[in-house]
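Participant: One structure coming up, written as structure tokens, with questions to follow.
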């Protein structure tokens, strides 16, 4: 039996395309039963990393092990114990939900009795009781995502890779999907999930920040907030937040107030300053003098998005 210390082990993993470095000497491990988040914008290298871990791309340097297997040379042995759900919808729209489950089950080599049992479990998991004979194209986005996850784990893999699995899905369906992820983890399945949704990253047990192919921070969400945040976050509630943000950016450019970051969060503004106590009143006065009706300026705990932006800026990315 293959032996390993961690289900996923990566050391100095690198992928280049000509002179472009897509993944730049990335190292990390993922524990058994852990939900590990891979957070970064489009083009950060998240999908490229997963494709190397699946054996779909050959690394340019470094090494990886999944369940003790080298994905680059032991792809078939590894894939029998690994599940993968891509960010692109991969089910067959002209097949029914049940036919998709049976197709993927047969592709993974499940015997008839086991496939019948797994079919019923996946239909229940996806909330598709009574809809097994419905064409997949007619299902809602949330049902399709849960069905796609069921097909990816029909063979009961020990490691599952989910590449932005909830892109384009409504918030309620996203929350239900994450319930399924944690149900898998409780059974000992290791999950690596990529996302650009900050609220989803908060649900992960550990999160890796990826920017321009580099792993710039890795820890629990709470620990990242304690160690990676540079400065304090002032949350500003005011009328005409877009105009207020322009006033603040002008103050930053002129050097009047040393803002590290100014970002809109819905109808509010998050402004990162070196010290909240020192700059709270000057920020309020700046906006008021600019004719902005200010309702509140409060020092708040940073969101994971605040921390990610702060980490990227600290690295000069």
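Participant: Here are some residues: 241, 310. Which one is surrounded by 13 or more Cβ atoms within 10 Å (Cβ to Cβ), over 18 Å from residue 40 (Cα atoms) and touching a strand residue (DSSP E or B) at 6+ places or on another chain (Cβ under 8 Å)?
Facilitator: Values: 310 fails: over 18 Å from residue 40 (Cα atoms).
Exactly one of 241, 310 is surrounded by 13 or more Cβ atoms within 10 Å (Cβ to Cβ), over 18 Å from residue 40 (Cα atoms) and touching a strand residue (DSSP E or B) at 6+ places or on another chain (Cβ under 8 Å), namely 241.
Participant: Next question. Determine the pairs where a residue that is at positive phi, located within region 259-284, has a partner that is in a helix (DSSP H, G or I) with Cβ atoms under 9 Å apart, the partner being 6 or more residues away or on another chain.
Facilitator: 266/241
Participant: Has region 124-138 got any residue that is crowded, with 17+ Cβ neighbours inside 10 Å, in the same structural domain as residue 65 (by TED's automatic domain parsing), closer than 25 Å to residue 67 by Cα and touching a helix residue (DSSP H, G or I) at 6+ places or on another chain (Cβ under 8 Å)?
Facilitator: So far as region 124-138 goes, no, none of its residues is crowded, with 17+ Cβ neighbours inside 10 Å, in the same structural domain as residue 65 (by TED's automatic domain parsing), closer than 25 Å to residue 67 by Cα and touching a helix residue (DSSP H, G or I) at 6+ places or on another chain (Cβ under 8 Å).
Participant: Can I ask one more? Would you mind listing the helices (runs of 4 or more DSSP H) fully within region 187-304 where at least 2 residues are under 30 Å from residue 33 (Cα atoms)?
Facilitator: Values: elements: 198-201, 221-227, 241-254, 276-289.
By residue number, 198-201, 221-227.
Participant: Could I ask something else about it? Quick one: would you say residue 149 is assigned to a helix (DSSP H, G or I) and closer than 23 Å to residue 42 by Cα?
Facilitator: On the way: assigned to a helix (DSSP H, G or I): yes; closer than 23 Å to residue 42 by Cα: yes.
When the stated conditions are applied, residue 149 passes them.
Conditions tested, residue by residue: (1) under 30 Å from residue 47 (Cα atoms); (2) surrounded by 14 or more Cβ atoms within 10 Å (Cβ to Cβ).
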{"residue": "211", "(1), (2)": "yes, yes"}
{"residue": "217", "(1), (2)": "yes, yes"}
{"residue": "220", "(1), (2)": "yes, no"}
{"residue": "224", "(1), (2)": "yes, yes"}
{"residue": "236", "(1), (2)": "no, yes"}
{"residue": "256", "(1), (2)": "no, no"}
{"residue": "266", "(1), (2)": "yes, no"}
{"residue": "269", "(1), (2)": "no, yes"}
{"residue": "285", "(1), (2)": "no, no"}
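Participant: Something else about it: Which residue pairs have Cβ atoms under 6 Å apart, sit 6 or more places apart or on different chains, and have a first residue in region 69-87 that is crowded, with 16+ Cβ neighbours inside 10 Å and a second that is at pLDDT below 90?
Facilitator: 85/165; 87/164; 87/167
Participant: Just to check your reading of the model, which residue among 306, 219 is at pLDDT 95 or above and closer than 26 Å to residue 164 by Cβ? Let's see the steps before the verdict.
Facilitator: Details: 306 fails: at pLDDT 95 or above.
Testing whether each residue is at pLDDT 95 or above and closer than 26 Å to residue 164 by Cβ leaves just 219.
Participant: Confirm whether residue 64 is under 26 Å from the mean Cα position of the chain (by Cα) and modelled with pLDDT under 95.
Facilitator: Working: under 26 Å from the mean Cα position of the chain (by Cα): yes; modelled with pLDDT under 95: no.
Answer is no for this residue.
Participant: Give just the number: which of (1) buried (at least 21 other Cβ atoms within 10 Å of the Cβ); (2) more than 18 Å from residue 180 (Cβ to Cβ); (3) over 24 Å from the mean Cα position of the chain (by Cα) does residue 52 not satisfy?
Facilitator: Unmet condition: (3).
Participant: Touching a strand residue (DSSP E or B) at 6+ places or on another chain (Cβ under 9 Å), surrounded by 21 or more Cβ atoms within 10 Å (Cβ to Cβ), in contact (Cβ under 8 Å) with a residue 12 or more places away in the chain and in the same structural domain as residue 136 (by TED's automatic domain parsing), is that true of residue 45?
Facilitator: On the way: touching a strand residue (DSSP E or B) at 6+ places or on another chain (Cβ under 9 Å): yes; surrounded by 21 or more Cβ atoms within 10 Å (Cβ to Cβ): yes; in contact (Cβ under 8 Å) with a residue 12 or more places away in the chain: yes; in the same structural domain as residue 136 (by TED's automatic domain parsing): yes.
The answer is yes for residue 45.
The values are calculated or read from the model by the stated rules, or taken from the named source; none is laboratory data. Being a predicted model, the structure only gives us computed values, none of them experimental. Cβ: placed from backbone, ideal geometry, glycine included. Neighbour counts: every protein chain shown.
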